[in-house]
Amino acid sequence: MTDQLHVSTHPLTKHKLTYLRDVNTDHRTFRELVRELALLLCYEATKDLELTSKTVTTPMGDATGSEANEVIGLVPIMRAGLGLVDGIQELLPAVQVWHIGLYRDEETLRPVEYYNKLPEEPTVQVCLVLDPMLATGGSAIATVDILKKWGVNRIKFLGVLAAPEGVKALSEAHPDVPIHVAELDERLNDIGFIVPGLGDAGDRMFGT
Ligand code: PRP
C-alpha cells in the first residue's frame with residue numbers, strides 16, 4: 001500500500017472505531033464518536049503545520065513560543081463529511097469551512113456535484129478534505145480536483161474508513177495528497193460499500 005496512507009495506530013482511535021461500527025450504536029452516539037475520531041485524526045494529520053515564533057509574557061517573564069497561523073480550509077463532502085467538522089473547527093486556531101456537495105450516483109457510483117460556493121481566489125493555505133468513507137475514491141478525487149483548480153496545492157484527506165480500492169484510486173490520481181484514516185478495511189462489496197465498514201455513514205449520522 002502507498003506511503004501516502006496513514007492509518008492511525010492510537011488505542012483510542014481503535015476503541016472508538018469499534019463502537020462506531022457496531023450496528024447497535026444509536027445516531028447520537030454515532031455522531032459523538034465521529035466527532036471524537038475527527039479530533040484524534042486531525043491531531044495526527046496536522047503534525048507538519050508550519051509555526052512562527054511568538055513571544056508572550058507569563059507572570060514570571062517572557063516565554064518564546066510558537067504560533068500556528070496558517071489558515072486551514074476544512075472541506076467537508078456533504079453530507080457525511082459534516083460530522084467531522086465541529087470538533088476540528090474548535091481545535092484549529094485559524095480555520096475556514098468550505099462545503100462541497102457531492103452524491104454518489106447509485107448506478108454508476110460516480111460523484112455528482114450539487115453544491116460548491118468557493119470564491120474565485122483561494123483564501124486558505126492548506127485544505128483538509130473531510131469524508132468518513134473513502135470507498136471507490138471518486139468523491140475524494142473530484143473534491144481534490146476542485147480544490148486544485150481553485151488554487152490550493154497543499155491538500156490532505158481525512159476520513160474514518162478507507163477501502164483499498166479508494167486508496168489506490170486517490171493515490172494514483174493525486175500522489176501528493178496524504179490520506180489519514182482510522183482503519184483500512186478489507187474491500188468494497190458489489191454495491192460500493194466498504195466491508196466490514198460501518199454501513200451508510202450519512203444515514204447513521206443523520207438518522208435517515
Ligand atoms: C458516501 C460517503 C462518501 C462517498 C464515498 O456518500 O459519505 O461521500 O459515498 O464514496 P466514493 O469514495 O465511492 O466516492 P453518499 O453518496 O452516500 O452521500 P451522503 O454523504 O449524502 O449520504
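The values are calculated or read from the model by the stated rules, or taken from the named source; none is laboratory data. None of the values given here were measured: they were computed from a predicted structure. Here Cβ is always computed from backbone atoms with ideal geometry, including for glycine, and neighbour counts include all displayed protein chains. Heads up: the accessible areas ignore ligands, DNA and RNA and are worked out on the full protein's heavy atoms, side chains in. Shrake-Rupley method; radii C 1.70, N 1.55, O 1.52, S 1.80 Å.
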Test result for Gly192, on the phi < 0 side of the Ramachandran plot, near the ligand (Cβ under 8 Å from one of its atoms) and open to solvent by less than 70 Å² (accessible area, probe 1.4 Å): no
Test set (1) open to solvent by 50 Å² or more (accessible area, probe 1.4 Å); (2) closer than 21 Å to His6 by Cβ; (3) within 15 Å of the ligand (Cβ to nearest atom) - Asp185 fails condition number: (1)
Residue match in region 101-111 (condition: of a type in the set (Val, Ile, Thr) and open to solvent by 40 Å² or more (accessible area, probe 1.4 Å)): yes
Out of Arg31, Arg35, sole residue that is surrounded by 16 or more Cβ atoms within 10 Å (Cβ to Cβ), under 13 Å from the mean Cα position of the chain (by Cα) and assigned to a helix (DSSP H, G or I): Arg35
Filter pass, Gly159 being open to solvent by less than 50 Å² (accessible area, probe 1.4 Å) and under 15 Å from Leu102 (Cβ atoms): yes
Looking only at region 68-88, and only at residues there that are at pLDDT 95 or above and not hydrophobic (A, V, I, L, M, F, W, C), the one that is surrounded by the fewest Cβ atoms within 10 Å (Cβ to Cβ): Gly73
